[in-house]
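The values are calculated or read from the model by the stated rules, or taken from the named source; none is laboratory data. What you are looking at is a predicted structure, and each value in this text was computed from that prediction instead of being measured. With ideal geometry, Cβ positions are generated from the backbone for all residues, glycine too; neighbour counts draw on all protein chains shown. What goes into the accessible areas is simple: the full protein's heavy atoms, side chains included, and nothing from ligands, DNA or RNA. Shrake-Rupley method; radii C 1.70, N 1.55, O 1.52, S 1.80 Å.
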Amino acid sequence: MKILVTGAAGFIGMSVAKALLERGDEVVGIDNLNDYYDVQLKHDRLKLIVGFDTFTFIEMDLADRDAMKSLFETHGFQRVFNSAAQAGVRYSLENPHAYVDSNLVGFVNVLEGCRQTGVEHLAYASSSSVYGANTNMPFSVHDNVDHQVSLYAATKKSNELMAHTYSHLYNIPTTGLRFFTVYGPWGRPDMSPSLFTGAILRGEAINVFNNGEMKRDFTYIDDIVEGVVRVIDKTATPNPDYDNNNSDPATSFAPYRVYNIGNNDVVQLMDFIETIENAVGKKAEKNMMGMQDGDVVATYANIDALVDAVGFKPATPLKDGIEKFVDWYTTYHGYN
């Protein structure tokens with residue numbers, strides 16, 4: 001298949017593109033290579049996939065309407081995986097317009113490209129952050145999510161709403177994937193595994209928010225990739241049992257689906273820190289701090305819908321995943 005992967009220099013985008021290339025697909029990857037974090041890391045990720053004969057990289061911004069229109073018309077993609085987005089809950093408090101440009105304007109351009117060129121299936125990255133103020137654990141895709149607590153989360157929920165509209169109006173199969181705290185080699189430097197590992201290695205204190213009373217469903221990158229590839233291959237279909245009087249937010253009368261991708265295993269923040277300490281071989285100094293604006297206390301994924309749909313359940317133990325991450329981090333940053 002010929003597949004477009006947006007955000008191809010990103011953590012998840014590169015990893016998915018690599019898996020698709022390794023199985024023989026033709027992949028076009030786009031990325032605007034912005035400087036939200038170290039651009040060199042993005043270039044280094046790209047080095048892992050640019051050697052494939054079936055890969056083409058184009059530096060492009062999703063918000064560039066004309067360029068996106070030309071991209072879709074030129075290549076005639078069969079499938080699309082949209083992972084490009086302005087990421088980060090906390091940064092959305094500082095620079096909201098970046099989220100509008102990339103996550104809203106950019107996503108409309110992706111949807112329009114799919115509509116105008118007859119793309120068979122659009123899979124796109126949503127986020128566990130859409131659950132916002134929800135406290136019913138584990139988070140289920142069958143629950144309503146109407147109270148986001150950050151602009152980033154609001155843009156991701158908006159993506160789901162926009163995708164449903166296009167699925168309904170134009171019969172475009174779309175599948176949203178709510179990722180739960182993805183980590184692993186080549187991960188983003190603004191995420192806790194990198195922040196904590198780097199600080200411990202440098203002998204600096206780490207910031208522990210909400211005094212450590214946090215829980216996360218940490219999901220290893222290889223599990224995310226396996227789930228994404230399976231979802232790309234499984235074109236969304238209408239739910240034949242959909243009932244408008246008892247609506248299910250995860251399905252529709254249109255070809256539209258939403259799934260959680262998480263490890264289905266909630267981990268206490270202090271246990272997570274201890275796992276990193278053990279992998280690094282050094283204890284962390286800790287600054288115990290209050291809760292941050294836009295953050296949530298806990299995330300925990302119900303993944304029954306994903307398992308039923310594609311027969312896959314993430315299962316990498318945190319200890320194994322963190323050891324692989326720390327091995328990569330120390331090598332990449334020259335600590336070995």
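Residue pairs whose Cβ atoms lie under 6 Å apart, separated by 6 or more positions or on different chains, with the first residue in the stretch 88-110 and open to solvent by less than 60 Å² (accessible area, probe 1.4 Å) and the second modelled with pLDDT under 75, are Val89/Gly294; Tyr99/Ser92. Within the stretch 67-87, being open to solvent by less than 10 Å² (accessible area, probe 1.4 Å) and in a strand (DSSP E or B) holds for Val80, Phe81, Asn82.
Residues in the stretch 176-205 that are farther than 23 Å from Tyr131 by Cα, in contact with a helix residue (DSSP H, G or I) (Cβ under 9 Å, 6 or more places away or on another chain), surrounded by fewer than 18 Cβ atoms within 10 Å (Cβ to Cβ) and not aliphatic (A, V, I, L, M): Pro189, Gly198, Glu204. Here are some conditions: (1) within 25 Å of Asn260 (Cα to Cα); (2) modelled with pLDDT under 90; (3) not hydrophobic (A, V, I, L, M, F, W, C). Pro193 meets all but one. Which one does it not meet? Pro193 satisfies all of (1) within 25 Å of Asn260 (Cα to Cα); (2) modelled with pLDDT under 90; (3) not hydrophobic (A, V, I, L, M, F, W, C) except (2). Of the residues Pro249, Pro240, the single one that is over 26 Å from the mean Cα position of the chain (by Cα) and either at pLDDT 95 or above or not aromatic (Phe, Trp, Tyr) (or both) is Pro240. Consider the stretch 1-45 and keep the residues that are in contact with a Pro (Cβ under 7 Å, 6 or more places away or on another chain) and not in a helix (DSSP H, G or I). The one that is surrounded by the most Cβ atoms within 10 Å (Cβ to Cβ) is Tyr37. Just one of the numbered conditions (1) part of a loop (DSSP other than H, G, I, E, B); (2) open to solvent by 30 Å² or more (accessible area, probe 1.4 Å); (3) modelled with pLDDT of 95 or more is not true of Glu226: (1).
One residue stands out among those in the stretch 52-65 that are out of contact with any helix residue (DSSP H, G or I) (no Cβ under 8 Å at 6 or more places or on another chain) and open to solvent by 70 Å² or more (accessible area, probe 1.4 Å): the one that is nearest to Leu104 (Cα to Cα), which is Glu59.
Screening Met68 on (1) hydrophobic (A, V, I, L, M, F, W, C); (2) closer than 22 Å to Ala154 by Cα; (3) out of contact with any strand residue (DSSP E or B) (no Cβ under 7 Å at 6 or more places or on another chain) shows it passes everything except condition (2).
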